[in-house]
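Written out below as structure tokens is the structure these notes cover.
Laboratory data are not the source of any read-out in this text; all were calculated from the coordinates shown. Source: prediction; values computed, not measured. When we count neighbours, we look across all protein chains shown, and the Cβ atoms used for this are built from the backbone with ideal geometry, even at glycine.
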Amino acid sequence: MKNTSVTDVQVVSLPKIHAESGNITAINSSCEVNFIIKRCYYLYDVPGGTARGGHAHKELHQLIVAASGSFDVVIDDSENRKTIRLNQPHKGIYLPPGLWRELDNFSAGSICLVLASAKYDEKDYIRDYPKFIAYKQA
Ligand code: TYD
């Protein structure tokens, strides 16, 4: 899926079950996300203010959530670039395949939760930006 653009990225409002004792947000496969969830991973202990995660995926669908704290998700489709700040655990970004993404400006102690449509597969990655541009324009 290489013909995706930044306009295909969606900010998703996730349900919040509110209680004085603490809130709950649940994300079900093929329900709050439009793909089958095969993997969950999370980034933590990221030093405040730093950036990481410059890469693209050829087939992977992802939902990115700031489970704690905040960070910027920078998305690039080779022609346009868009930055969305995540700072609420009941807000997510649906990221379709074929887009370059970077994670910037982590607040100290933040947790970046990612739900993904496939298990880890290094072959699905494009880690080099010029190669990403070539992939999009091929
Ligand atoms: P990576 O996705 O490359 O993160 P970033 O682009 O932010 O540096 O992952 C970093 C390393 O972690 C990489 O060597 C592969 C490994 N990894 C797994 O083994 N399984 C996973 O599900 C993920 C996301 C990464």
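Odds and ends about this structure:
- Of all the listed residues (33, 46), the sole one being of a type in the set (A, V, I, L, M) and closer than 23 Å to residue 14 by Cα is 33.
- Tally of residues being surrounded by fewer than 21 Cβ atoms within 10 Å (Cβ to Cβ), among the charged types (D, E, K, R) and in a loop (DSSP other than H, G, I, E, B) across the range 58-99: 3
- Looking only at residues in the range 100-138 that are assigned to a loop (DSSP other than H, G, I, E, B) and aliphatic (A, V, I, L, M), the one that is surrounded by the most Cβ atoms within 10 Å (Cβ to Cβ) is 118.
- Checklist (1) free of Cβ contacts under 8 Å to residues at least 24 places away in the same chain; (2) closer than 18 Å to residue 11 by Cβ applied to residue 122, failing item: (2)
- Entry remark, the range 79-131: residues being farther than 26 Å from residue 30 by Cα and away from the ligand (no atom under 13 Å from the Cβ) number 10 in total.
- Residue 47 meets each of the listed conditions (1) loosely packed, with under 12 Cβ neighbours inside 10 Å; (2) in a loop (DSSP other than H, G, I, E, B); (3) away from the ligand (no atom under 14 Å from the Cβ) apart from (3).
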